[in-house]
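K.L.:
I am attaching a structure below and will ask some questions about it afterwards.
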Amino acid sequence: MVMGPSCGLVLADLGAEVIKIEPTEGDNTRRLQAAGAGFFPVFNRNKKSLAVNMKAKAGIELVLKLISSADVLTENFRPGALDKLGLGYDALSKRNPKLIYCSLKGFLDGPYDHRPALDEVVQMMGGLAYMTGLPERPLRAGASVVDIMGGTFGAVGVLAALRERETTGRGRLVTSALFESTAYLVAQHIAQFELTGEAPPPMSVKRPAWGIYDIFETADGDRLFVGVVTDTQWEIFCREFQESELAADPRLRGNADRVRERGWLLPRLGAILKRHSKAELCAKLEAIGLPFAPIAKPWDLLDDPHLKASGGLLETRLPDGRSFHAPTLPLAFDGKRLPKRSDPPALGEGARELLGSLGYGAGEIDALAKERVIVLGQRVT
């Protein structure tokens, strides 16, 4: 629902022609509500839709024609699901030796590779939920971070395989997986355990690596995250907030010293910062170059001046006429963000164009639609 579509989104945003093969009733994410309401809208811009009945012989033939002309196929099914339809890597690579076949799975090869997986499943078993939550209370991260990372790694693998194909002339099977993506995310904690012999506690209660790396209250009842992560930044903080006593205190000379003294130091700093409003602190910390952040909710980003100024939010229109904003990829080329070429497609919206490019005549296309082998969709105007 997210991993496969996010892989396609990365490639589509980078300029690839991406064709979304859907069942004739449409991708399930088109109908999701509540926490799933953003899945289809966010991950399907810049794509075309081809709705096909894969149980019909004519439907399979159509898809095989399309694959024969493709550079890349991505799939996000259970292991073996496409092999049953004759659409596994071995079969398709014989038909199209240049095909890059990208499988997006729960697990790479090994004892777990038969298991179904979800973002939450691998966050729990990979230790990410432990590091995110409270002690004895694991908590998944508040976004589909592993799905999106797994999809992005899939896209990276595809791009590498395409580059290699320029030399070899042959395609490659690329596999990206959720569990291994989670292991990659917690690598620093694994290394910390082995190198120090200490099991790191969850981030919510861990002893930080820096003396000042915390959320503080402001005079107007708001909150602000402030970080002072180098000795130079500590000198700047003390000077600009006129705290000569703290600057001269030998107990606070180095970062390791400040970490040890957090018990009394943080309340002292809290009192200093609480003399100022949130707006005053933001302006001051920005001016003197210290790390800070207001505590935002995701929807606050709709009015974020930086995202708006840099073109980081794309206005997007759904097939039913509703519109919303979504961030573009976190990339810039020559200082410019990537554009939206097309809105998320209506079910089967690209069928006529795609089938026409494969040599189907208008009458053949209408006949396939009448037999419900395909859907000819259109958006609300």
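The values are calculated or read from the model by the stated rules, or taken from the named source; none is laboratory data. On a predicted model such as this, the values are computed, not experimentally measured, just so you know. Cβ: placed from backbone, ideal geometry, glycine included. Neighbour counts: every protein chain shown. To get the accessible areas, we keep the full protein, side chains included, count just its heavy atoms, and leave off ligands, DNA and RNA. Shrake-Rupley method; radii C 1.70, N 1.55, O 1.52, S 1.80 Å.
K.L.:
Yes or no: region 286-294 includes at least one residue that is open to solvent by 80 Å² or more (accessible area, probe 1.4 Å) and within 30 Å of Asp214 (Cβ to Cβ).
P.N.:
Yes: region 286-294 contains one or more residues that are open to solvent by 80 Å² or more (accessible area, probe 1.4 Å) and within 30 Å of Asp214 (Cβ to Cβ).
K.L.:
For Trp210, only one of the following conditions fails: (1) buried (at least 17 other Cβ atoms within 10 Å of the Cβ); (2) modelled with pLDDT of 95 or more. What is its number?
P.N.:
Unmet condition: (2).
K.L.:
Further question on the same structure: Are any residues in region 162-189 in contact (Cβ under 8 Å) with a residue 12 or more places away in the chain and assigned to a helix (DSSP H, G or I), and if so, which ones?
P.N.:
Hits for region 162-189 are Leu162, Arg165, Leu178, Phe179, Glu180, Ser181, Thr182, Ala183, Tyr184, Leu185, His189.
So that you can scan it fast, the table gives a plain yes or no per residue for (1) closer than 13 Å to Arg268 by Cα; (2) in contact with a Phe, Trp or Tyr (Cβ under 7 Å, 6 or more places away or on another chain):
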position: Pro200; (1), (2): no, yes
position: Ala209; (1), (2): no, no
position: Ile212; (1), (2): yes, no
position: Asp220; (1), (2): no, no
position: Val226; (1), (2): no, yes
position: Glu243; (1), (2): yes, no
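K.L.:
I want to confirm something. Restricting to region 222-243 and keeping residues that are in a loop (DSSP other than H, G, I, E, B) and not β-branched (Val, Ile, Thr), which single residue is surrounded by the fewest Cβ atoms within 10 Å (Cβ to Cβ)?
P.N.:
Gln242
K.L.:
Name, by its number, the condition in (1) closer than 24 Å to Ala70 by Cα; (2) in a helix (DSSP H, G or I); (3) open to solvent by 70 Å² or more (accessible area, probe 1.4 Å); (4) of a type outside the set (D, E, K, R) that does not hold for Gly151.
P.N.:
(3)
K.L.:
Something else about it: Taking the condition within 30 Å of Ser69 (Cβ to Cβ), assigned to a helix (DSSP H, G or I) and among the aliphatic types (A, V, I, L, M), does Leu159 pass?
P.N.:
yes
Rundown of residues vs (1) in a loop (DSSP other than H, G, I, E, B); (2) surrounded by 13 or more Cβ atoms within 10 Å (Cβ to Cβ); (3) small (Gly, Ala, Ser); (4) modelled with pLDDT under 95, yes/no style:
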{"residue": "Pro267", "(1), (2), (3), (4)": "no, no, no, no"}
{"residue": "Cys282", "(1), (2), (3), (4)": "no, yes, no, no"}
{"residue": "Ala296", "(1), (2), (3), (4)": "yes, no, yes, no"}
{"residue": "Trp299", "(1), (2), (3), (4)": "no, no, no, no"}
{"residue": "Ala326", "(1), (2), (3), (4)": "no, yes, yes, no"}
{"residue": "Leu329", "(1), (2), (3), (4)": "yes, yes, no, no"}
{"residue": "Pro339", "(1), (2), (3), (4)": "yes, no, no, yes"}
{"residue": "Pro344", "(1), (2), (3), (4)": "yes, yes, no, no"}
{"residue": "Ile365", "(1), (2), (3), (4)": "no, yes, no, no"}
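K.L.:
Taking the condition touching a residue at least 40 places away in the same chain (Cβ under 8 Å) and assigned to a loop (DSSP other than H, G, I, E, B), does Tyr112 pass?
P.N.:
yes
K.L.:
Give me the residue from region 154-178 that is open to solvent by 70 Å² or more (accessible area, probe 1.4 Å) and not charged (D, E, K, R) and, out of that set, farthest from Gly110 (Cα to Cα).
P.N.:
Thr167
K.L.:
Would you mind listing the helices (runs of 4 or more DSSP H) fully within region 1-93 where at least 3 residues are buried (at least 20 other Cβ atoms within 10 Å of the Cβ), touching a helix residue (DSSP H, G or I) at 6+ places or on another chain (Cβ under 6 Å) and not basic (Lys, Arg)?
P.N.:
Hits in region 1-93: 3-13, 39-43.
K.L.:
Would you please list the contacts, defined by Cβ atoms under 7 Å and residues six or more apart or on different chains, that run from a residue in region 201-225 that is in contact (Cβ under 8 Å) with a residue 12 or more places away in the chain to a residue that is part of a loop (DSSP other than H, G, I, E, B) and among the small types (Gly, Ala, Ser)?
P.N.:
Close Cβ pairs (under 7 Å, with a partner that is part of a loop (DSSP other than H, G, I, E, B) and among the small types (Gly, Ala, Ser)) amount to Pro202/Gly133; Ser204/Gly133; Thr218/Ser277; Ala219/Ser277; Asp220/Ser277.
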